[in-house]
Number of protein chains: 2
Amino acid sequence: MDGVKIIEIKKSVFESNDREADALRRELKQKGVFLLNLMSSPGSGKTSTLIRTINLIKNKLHTAVMEADIDSDVDAVKIKAETGVESIQLHTGGMCHLDAEMTRQGLDGLNLKDLDLVILENVGNLVCPAEFDTGSCKNAMILSVPEGDDKPLKYPLMFSVCDLVLINKMDVQPYFDFDLEKCRQNILRRNPKAQMIPISAKTGEGVEVFAQWLTDEVRDWKK
Amino acid sequence: MDGVKIIEIKKSVFESNDREADALRRELKQKGVFLLNLMSSPGSGKTSTLIRTINLIKNKLHTAVMEADIDSDVDAVKIKAETGVESIQLHTGGMCHLDAEMTRQGLDGLNLKDLDLVILENVGNLVCPAEFDTGSCKNAMILSVPEGDDKPLKYPLMFSVCDLVLINKMDVQPYFDFDLEKCRQNILRRNPKAQMIPISAKTGEGVEVFAQWLTDEVRDWKK
């Protein structure tokens, strides 16, 4: 199996992350590249969701993935092996999130002029990544059924900054005390504008809805 | 249902967390109180594991729980209602972890001279809490089956600082690609001294083993 490029991310030197994030977004707009920041807890299924989704869109959208992790390159290797799209690993050292400048370090490792869509798989963490604008065009997160329908009550900022919440592992709902309607209400309490898509990365259920959402977002961004 | 005490935690002013943590541990030793720092991802089952466990030990050990959360008091209320032991909620504001001084602020809200055991349920996060010694006597964590057996590869520090790893939600193992032996090997790679106990907070499987571990640790600490 081919190795993947690994970028060791350095701590940002910029004082104003919000300004850096806005500047990065303007550059992406000029270049016609849509950046999605995908966040979640550890183990909620970010990588397997991306593999399913990218295999649905890769013939229409030139896509690349940046996998942020404290250590290891297992996710980037897996994405590359199972989708064929470019995938790079960002090592954050011990850092628990990415900010805009760190995201830019990752984007510098890609050939943006050939791309329509870059997906940043952020560090698995429902707390810190929510506090830093990465410069992405949209924020999405995955909440998985085994984590419970009460998570929006306990991690309010994460749910309030996300445009889209994917509710993953719907295939195992019968084995957990997870009420989808209660989950929706808890999410809407934090973020009345949140869009929600129930999916199963394992069976493929609902993944085509997410693929269509991404396709529409990229089209709108390039207008 | 009775309300629970809520303590709004302030940011620490101390420069050396390690020194503060050692001082707190010495005080706890003098007072004969064992403090367990319990960490995990969001939704891995910390609260339900504690309820099962406390109901097994509460007649032998005077126990109290400190529930750290960014927001909400659902966990502290639940622990108090379902076990009857004292339970206080620590609000961390947006903070993603507790350090020793913050832990001390919580302990100040308890009557330590009546207690044998205090369990700190840390913020649900596999990254930041691992970086800060809370002053606890032992660190434990929960990894749940749906999160996957590869987590020790991706969150190395968390696994290396924990004396005990509870592997929870064993009841749903048939529905997930989770290899218990591979998980054990991944944990031992990070921490050759780690103890591991497979449990199910739902069915009760293995919880008595954790209860015995806690009982033994408290007895040794009080020697």
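The values are calculated or read from the model by the stated rules, or taken from the named source; none is laboratory data. Quick caveat, the model's predicted, so the values are computed rather than measured. Please note: Cβ atoms are built from the backbone with ideal geometry, for glycine as well, and neighbour counts cover all protein chains shown. Note: areas computed on protein heavy atoms with side chains; ligands, DNA, RNA excluded. Shrake-Rupley method; radii C 1.70, N 1.55, O 1.52, S 1.80 Å.
Which is farther than 22 Å from A:Phe176 by Cα, touching a residue at least 60 places away in the same chain (Cβ under 8 Å) and touching a strand residue (DSSP E or B) at 6+ places or on another chain (Cβ under 9 Å), of B:Leu126, B:Leu143?
Criteria check complete, one pass: B:Leu126.
Find the residue count for the stretch A:59-71, including only residues that are open to solvent by 20 Å² or more (accessible area, probe 1.4 Å), at pLDDT below 95 and not hydrophobic (A, V, I, L, M, F, W, C).
Total meeting the criteria: 1.
Report whether or not B:Lys223 is modelled with pLDDT under 95 and open to solvent by 30 Å² or more (accessible area, probe 1.4 Å).
yes
Can you say whether B:Asp133 is over 22 Å from A:Leu143 (Cβ atoms), open to solvent by 30 Å² or more (accessible area, probe 1.4 Å), in a loop (DSSP other than H, G, I, E, B) and touching a residue at least 12 places away in the same chain (Cβ under 8 Å), as far as the supplied structure shows?
yes
For the stretch B:168-185, enumerate the residues that are touching a Ser or Thr at 6+ places or on another chain (Cβ under 7 Å) and either among the hydroxyl-bearing types (Ser, Thr, Tyr) or surrounded by fewer than 18 Cβ atoms within 10 Å (Cβ to Cβ) (or both).
Of everything in the stretch B:168-185, just one residue is touching a Ser or Thr at 6+ places or on another chain (Cβ under 7 Å) and either among the hydroxyl-bearing types (Ser, Thr, Tyr) or surrounded by fewer than 18 Cβ atoms within 10 Å (Cβ to Cβ) (or both), namely B:Asp171.
May I ask you to say which residue of B:Ile119, B:Ile197 is among the β-branched types (Val, Ile, Thr), surrounded by fewer than 24 Cβ atoms within 10 Å (Cβ to Cβ) and not in a helix (DSSP H, G or I)?
Every option except B:Ile197 fails the conditions.
Condition test on A:Gly93, is it closer than 19 Å to A:Thr134 by Cα, open to solvent by less than 30 Å² (accessible area, probe 1.4 Å) and more than 16 Å from the chain's Cα centre (by Cα)?
It is false that A:Gly93 is closer than 19 Å to A:Thr134 by Cα, open to solvent by less than 30 Å² (accessible area, probe 1.4 Å) and more than 16 Å from the chain's Cα centre (by Cα).
Within the stretch A:70-86, does at least one residue satisfy the condition of being within 24 Å of A:Asp133 (Cβ to Cβ) and among the hydroxyl-bearing types (Ser, Thr, Tyr)?
no
Listed residues A:Asp163, A:Asp150, A:Asp75, A:Asp114; which is open to solvent by 30 Å² or more (accessible area, probe 1.4 Å) and over 26 Å from A:Glu27 (Cα atoms)?
A:Asp150
Does the stretch A:137-158 contain any residue that is within 12 Å of chain B (Cβ to nearest Cβ) and farther than 30 Å from B:Met170 by Cβ?
yes
Regarding A:Asn139, is this residue open to solvent by 10 Å² or more (accessible area, probe 1.4 Å), part of a strand (DSSP E or B) and within 19 Å of A:Leu166 (Cβ to Cβ)?
Considered against the rule, which asks whether it is open to solvent by 10 Å² or more (accessible area, probe 1.4 Å), part of a strand (DSSP E or B) and within 19 Å of A:Leu166 (Cβ to Cβ), A:Asn139 comes out as yes.
With respect to A:Lys80, is the statement that it is over 30 Å from B:Ser160 (Cα atoms) and open to solvent by 20 Å² or more (accessible area, probe 1.4 Å) true?
Here the answer is no, as A:Lys80 does not meet what is asked.
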